[in-house]
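The values are calculated or read from the model by the stated rules, or taken from the named source; none is laboratory data. Source: prediction; values computed, not measured. Here Cβ is always computed from backbone atoms with ideal geometry, including for glycine, and neighbour counts include all displayed protein chains. SASA here: full protein model, heavy atoms, side chains in, ligands and nucleic acids out. Shrake-Rupley method; radii C 1.70, N 1.55, O 1.52, S 1.80 Å.
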Amino acid sequence: MHKTTLEQWALLEKVVELGSFAKAAQATHRSQSSVSYNLALLQERLGVALLQAAGRKAILTPAGELLLAQARPLLKAFEHVETRAASLQNGVRTRLDFVVDSIFPRGKLFAILRQFQQLHPQTQVHLTEILENDETAIAKADVMVLTRRQDMTGRGEWLMNIDFVAVAHRDHPLHSLPGPVSEDELAQYPPIRITNREAKPLQDEPVESWTFSTIEAAIEAIAYQVGYGWLPEERISRQLEEGTLKILQLSHGTRRATPLHLVVKKDILPLDEQVQTLLRLIKEQP
């Protein structure tokens, strides 16, 4: 018999995450005495102190950090088993978690989802759009379309390239410069970046750059002449056709391509019918 339980390790993780026994008890719908008893029992059976007080917070001891780090993969694996069980009903998957980078073309995305719903009406697709590679969302996904080919959950294959173009509002001063715009001339105006909150600034990024957490916000910022930026050409096709936004003629090129990859969580092999259908639709959608 094992000396400890997954439940005890999960309580330890929750206490560390929230910083106190009282908050962990509230989050897990237990009494504080129950949380305290289970963690005291865990430490007693291991013969190692896992927690220590730091002011009003409970934090891990060095031994606690080491052991919880080893236990976390087991907790995640067990969570996946429970999630998978909840998604199965009479042997048929009822939920599929699909994570897509926000640069994936919207028209293509919704066409895929519409076809999938027609083929598997009993399976709910839980869609999460992310910027770059959001580890939290990726960890819970079954199928992913990411800018990174390989991640912690599985291996991927190239799917498509997304073309980005350098643009500014038609009345932006950059369009009035003669000839291709040089990097020195470009540096006089703030670039607009699309990134998540956790992303670190690029080494060569100007200090005065502006960052936005959605493509839509970045498009509006450029449309209001806050700055210039690189945007997915497919997402701004209407503004380009209307002439609201214009492509900048840069000395170092006006187009960039970002590859997207199709990734399947390795834990769900062999693939069930619903996952196979979604993969086929993603690959076949023009």
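Which entries of LYS14/LYS283; LYS140/LYS246; LYS14/LYS108; LYS57/LYS140; LYS108/LYS246; LYS108/LYS266 show an alpha-carbon separation above 31 angstrom in the structure shown? Please list the in-between numbers first.
Values: LYS14/LYS283 40 Å; LYS140/LYS246 39 Å; LYS14/LYS108 40 Å; LYS57/LYS140 29 Å; LYS108/LYS246 24 Å; LYS108/LYS266 25 Å.
Check vs 31 Å cut-off fails for LYS14/LYS283; LYS140/LYS246; LYS14/LYS108.
Which distance in nm do the two modelled labels at LEU68 and VAL81 give, with both placed 7 Å along the Cα-to-Cβ direction? The answer from the label model is 2.3 nm.
Here the Gaussian network model covers the chain, with springs between Cα atoms less than 10 Å apart; of HIS261, HIS120, HIS29, HIS29 fluctuates the most. When the helices of the chain are scored as -39500 (n - 2.57) per DSSP H run of n ≥ 4 and the total is divided over every residue, the value at 222 nm lands at -11500 deg cm²/dmol.
Estimated at 0.36 nm per residue, the fully extended path between GLN117 and ARG255 surpasses their Cα-Cα distance by 46.1 nm.
For the chain, the fraction of 1.4 Å probe accessible surface lying on carbon and sulfur atoms is 52 percent. With an a/c value of 1.5 or above and a/b larger than b/c for the gyration tensor axes a ≥ b ≥ c computed over the alpha-carbon atoms, the stretch 27-123 is described as prolate.
Can you bin the stretch 237-286 into rounded, prolate or oblate? Criterion: square roots of the alpha carbon gyration tensor eigenvalues sorted a ≥ b ≥ c, rounded for a/c under 1.5, prolate for a/b above b/c, oblate for the rest. Verdict is prolate for the stretch 237-286. Amide hydrogen proximity for MET160: with H placed 1.01 Å from N in the peptide plane, the residues at 5 or more positions away or on another chain lying under 5 Å are LEU260. Remark: the chain carries 58 Å² of accessible area per residue (probe radius 1.4 Å; ligands, DNA and RNA excluded).
The GNM of the chain, with springs linking C-alpha atoms under 10 angstrom apart, assigns the highest mean-square fluctuation among ARG255, ARG56, ARG193 to ARG56.
When the Gaussian network model of the chain links Cα atoms closer than 10 Å, the mean-square fluctuations of LEU51, LEU262, LEU75 top out at LEU51. Seen through its C-alpha gyration tensor, with square-root eigenvalues sorted a ≥ b ≥ c, the chain comes out oblate because a/c lies at 1.5 or above while a/b is not bigger than b/c.
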